[in-house]
Ligand code: 13P
């Protein structure tokens, strides 16, 4: 039985003051929630705050990016061991904003994924097609390319210590959610892709849906057989929305 996971991706939002209120509400309402694992991926400067406010609770935290390098002359980069110093559990890898705005290739995402797994972090590998790609009928080819790049670099066993998030780019921050059927179809495709390498890893693989998840659509999305929770952007910044989305995830 796969454990459901709901992870918030705060993106570049927050302040010490607003985070204190948000993290406090999330902790007070969701500490001990048995329905799903809950995690928040915060901007790197706020990892210490997440650590101090969430330590000892059942809520995990993580980062939104990591270097593929262990250390060295890489100005502005943050290594996996630094994230571990702040007890991070998760790190987002290959989010579409990083791919589109910062030129992160499949190859770069694969290297970061491998570095995260090697260090003991749980990477959340984000994959997804653009609207143009969906309309051109190449959704599965794009997802396969993104997954295969990581499989080839890190190996199938590494997926056993990772999470995959399907985030159709056209659904991110647009209010236009994939229908449960559209999302389920791609999730099943991803699981089958992994099954070709290892049936057990595929069966246990947690695959999240991301893209305009809200309290009003979460339960229906999460009830699909291959959707194991959500990666939540905008709604993770609103305590009551995020709490309701987490409560919509149950075994
Ligand atoms: P929204 O939930 O704001 O659409 O963002 C999704 C996302 O990018 C999560 O990583």
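Miscellaneous remarks
- Using the average count of surrounding beta-carbon atoms within 10 Å as a protection proxy, the listed peptides 24-34, 55-65, 158-168 rank, highest first, as 158-168, 55-65, 24-34.
- Relative compactness, the range 1-93, computed as alpha-carbon Rg over 2.2 N^0.38 Å: 1.10
- Helical content alone sets the calculated 222 nm signal of the chain at -12500 deg cm²/dmol, taking -39,500 (n - 2.57) per DSSP H segment of four or more residues and averaging over every residue.
- Across the chain, the mean sequence separation of Cα contacts (distance under 8 Å, 6 or more residues apart), normalised by length, yields a relative contact order of 23 percent.
- For the range 1-111, averaging the sequence separation of C-alpha pairs within contact (under 8 Å, six or more residues apart) and dividing by the residue count gives a relative contact order of 23 percent.
- Shown for 53, 82, 12: other C-beta atoms within 10 Å of each C-beta, ranked fewest to most, produce the order 12, 82, 53.
- Summed over all non-identical Cα pairs, the Kirkwood treatment of the range 36-175 gives a radius of 15.6 Å.
- Relative contact order %, the range 37-81, counting alpha carbon pairs below 8 Å whose residues are six or more apart: 36 percent
- Over the C-alpha atoms of the range 166-251, the Rg to Rh ratio, Rh being the Kirkwood estimate, stands at 0.99.
- Both radii were evaluated on the Cα set of the range 151-194; the Rg over Rh quotient, with Rh as the Kirkwood radius, amounts to 1.06.
- From largest to smallest, the equivalent ellipsoid semi-axes obtained for the chain from the alpha-carbon gyration tensor read 25, 22, 17 Å.
Values quoted throughout were computed directly from the atomic coordinates according to the rules given, and no laboratory measurement underlies them. Only a predicted model underlies this, so the values are computations on that prediction, with no experimental measurement involved. Here the Cβ is made from the backbone with ideal geometry for all residues, glycine too, and neighbour counts use every protein chain on show.
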